[in-house]
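None of the figures in this text is laboratory data; all of them are computed from the coordinates on show. What you see is a predicted model, and the numbers here were worked out from it, not measured in a lab. When we count neighbours, we look across all protein chains shown, and the Cβ atoms used for this are built from the backbone with ideal geometry, even at glycine.
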Amino acid sequence: MSGALSDRHRKWLGWLNLLARFASVQLVIQMLGFVSGILIVRHLSKPDYAWFTIATTFVATMGMLADCGVLGACSAVGGTIWQDKVKFSSLILTALSFRRKLAIAAVAILTGPFIWMLAKKQAPAAVIAVVVPVALLGFFLQMTVNLLSSGMWYRQQLRRMQLLGLAPAIFRAALIALACLLVLDARIAIGIGTVAIVLQVLLLYRWERESLDWGAPYSPEYAGRIRTILKKQAPLTIFHCVQGQIVVWLISIFGGKDQVAEIGALGRFAIIFTVVSPVINNVILPRFARCQDPAMLKRRYRQIALGFVAMAGALVTLAAIFPKPLIWLIGAKYANLEGQVWLMMLYAALGGTFGCLVSLTYVKGWILPAAISIPMEIATQVILILCFDLSKISSVLVVGCIGQLPPILLAFIVAQRELKKAALSPTPPAVADAESPKPE
């Protein structure tokens, strides 16, 4: 009994040590991102920040369209072959071919609306001519980063993963601080972000040059498995391109450029949740993806989900009690938003919870049923849109918060169903490093 207890304590201590080491560096990365964001909010005029918000929203939407489940398919397949260099390289290169085609389609579909939205918010032609191509370049580069870094994700090369985030964050913060002293507008802010992604790409190619077999063949088998997941995931992804950024889309359509800037400024507080998200994505999810034991899988799911909900609830409570310090951070021109701080934090918390639950299903290849999810969410949004005045920030945030409850519930139900299926299936051989963390 004492031996088992000691072994359990050793595993927990190993987890705590690993999480603490990763989270400490991640905290620095996210603080740099937060400071960079606050500098941008405080130094850009409201029109410039509105254009910056529109650009970042469209790039995020293109990123979702260019994935459509490719990364999730890699996670589901890679969990069983990640130790085989040739097979894993074949999977990554096959997935990259899918990603390139989807990225081109996303740009073709969304570039027109991107330009139209900027023009609708009175962006000059000189701004549009720079912001659009520079933002698109950053988008294409980021698509490469996401897939190529999956090798380090499975191998748990945490130091390299940390440096991949830390070096660009320092570089971006330094450039933004310099621009604040000289000149900073929407074009420069978008350009600095793209330059930081270029640095990530250079680091990644240098590290993965030998880790991947670049001559590995295109695999029809892996292409078929990716295509199967894409067919299930694509409808949900396309729908969530709109749903995932609903507050920005609604205020962009029904409000003015000042309201777009205000939503964007409040959205800076959501970066608080990104402190924990990389820890989940880079430390916890790889082990969850590799875990093949049904009992352990169920236990880990509950621990991760409940831990995230508790953390999110605490942050929303703090924002409701102490909104003034947060408003001070984004500047006096946003002083009228004090009453909306807690709503934005609640919206971000619910979005983070949904993201956490979906990620847990995503890496195991469990897909939310689009035939249920999409009609349910559309019906919810239509009812909410008819009931609220969408020219007001508070109304848009309430619509965003309530609209996230049904998909959160569905993601939880799907996971419980799949965990039950796993418990009834024969247990496959254990995969190394599924239970306890090991040093890099």
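Here are the numbers for the structure shown:
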{"item": "Computed E for Val201/Leu386 - FRET, C-beta separation, R0 35 angstrom, nearest 0.05", "result": "0.20"}
{"item": "Relative contact order %, the range 107-195, counting alpha carbon pairs below 8 Å whose residues are six or more apart", "result": "37 percent"}
{"item": "Per-q log10 I(q)/I(0), the range 2-424, q = 0.08, 0.11, 0.12, 0.13 Å⁻¹ (Debye; single scatterer per alpha-carbon; no solvent)", "result": "-0.44, -0.88, -1.06, -1.28"}
{"item": "Overall form of the range 115-237 per C-alpha gyration tensor (a/c, 1.5; a/b vs b/c)", "result": "oblate"}
{"item": "Candidate lysines for bridging to Lys120, where Cα separation is under 26 Å - those fewer than 8 sequence places away on the same chain excluded", "result": "Lys46, Lys257, Lys333, Lys392"}
{"item": "Given Lys85/Lys421; Lys101/Lys421; Lys231/Lys420, the pairs whose alpha carbons are separated by over 28 Å", "result": "Lys85/Lys421; Lys101/Lys421"}
